[in-house]
Amino acid sequence: MHVVVSVGWLALMLCLLTLGTTALATNNANTLRTAYRAMGMSGDVLIIPLSLLTLVSGVVLALGTQWGLFRYYWVSVKFWLTLAATAASIFALTARLHDAVDAVARHPVGPISAMDLGFIRYNMVIVPAVALLLYLANVILSVFKPWGRRSAAPSAGRP
């Protein structure tokens, strides 16, 4: 389950990046509107379940295997990256997607100038690209399992 939802989350970011890039590169206002609306719909439906299922299934998997959640550096790093990505996706990414949808909703017909969109045009490419890089880092950690086992904490009675 963890692999399936993680790959789904990664695929969602690829889709958002593709749509954001399409919107940035187009001169067609209808293509722009369609791309941002599709990004908004996809984000509203998929971001919360995919991010939370990835986080929860990863924690369950770590706790139920030899790796543990904090026994190995690579697992700990994956946990913190996933936790940060989950929070950023739920709070920051969805807000940016809603900004884009709201911007095109203010211009339901006719052309939309770059000034009307401001930095939204770039956010819709930058945010999914950064998220995708973060998820790819997690994949690399899973495959290569760098670093070693974390040292055990000293006992209470020992120096």
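The numbers here are math on the coordinates, done by the rules we state, and not lab data. None of these values were measured; they are calculated from a predicted model. Please note: Cβ atoms are built from the backbone with ideal geometry, for glycine as well, and neighbour counts cover all protein chains shown.
Towards the positive end of the charge dipole of the chain, with charges on Cβ (+1 Lys, Arg; -1 Asp, Glu), say which of 59, 95, 110 has the farthest Cα. Of the candidates, 59 comes out farthest on the positive side. Using only side-chain charges placed at the Cβ, +1 for Lys and Arg and -1 for Asp and Glu, the dipole size of the stretch 75-159 relative to its Cα centre rounds to 640 debye.
Helix 29-63 against the longest principal axis of the chain: what's the angle in degrees, Cα atoms only, rounded to the nearest 10? The angle comes out at about 10 degrees. GNM remark for the chain: springs join alpha carbons under 10 Å apart, and the peak mean-square fluctuation among 81, 117, 53 falls on 117.
Between the alpha-carbon centers of the stretch 99-130 and the stretch 1-64, tell me the distance in whole angstrom. Rounded to whole Å, the Cα centres lie 18 Å apart. Looking only at 59, 45, 139, which one moves most when the chain is put into a Gaussian network model with springs between Cα atoms under 10 Å? With Cα springs under 10 Å in the chain, the top fluctuation among 59, 45, 139 is at 45. Among the trypsin sites (Lys or Arg not before Pro) within the stretch 85-127, those in coil by DSSP and having at most 13 neighbouring Cβ atoms inside 10 Å are 106. Assuming charge only on the beta carbon of Lys and Arg (+1) and of Asp and Glu (-1), the dipole of the chain about its Cα centre is about 620 debye to the nearest 20.
Across the stretch 37-90, what fraction of all alpha-carbon pairs, as a whole percent, falls in each successive 5 Å bin from zero upward? Once binned at 5 Å, the Cα pair distances of the stretch 37-90 give 4, 21, 24, 20, 13, 8, 6, 3, 1. When the Cα convex hull of the stretch 1-73 is projected onto planes of every orientation, the mean area is 5.7 nm². Of all the options 40, 20, 110, the one that moves most in a Gaussian network model of the chain with Cα springs shorter than 10 angstrom is 110.
Over all distinct alpha-carbon pairs, what is the Kirkwood Rh of the chain in angstrom? Its Kirkwood hydrodynamic radius stands at 17.2 Å.
Placing a label point 7 Å from the Cα of residue 90 along the Cα-to-Cβ line, the residues of the stretch 54-77 whose backbone N sits under 19 Å from it are 54-62. Legend: calculated FRET efficiency, residue 130 to residue 44, from the Cβ-Cβ distance at R0 = 22 Å, rounded to 0.05, equals 0.65. The angle between the Cα long axis of helix 2-25 and the longest principal axis of the Cα atoms of the chain comes to about 30 degrees, rounded to the nearest 10.
For residue 72, the amide hydrogen comes within under 5 Å of the amide hydrogens of 150, counting only partners 5 or more places away or on other chains and with H modelled in the peptide plane.
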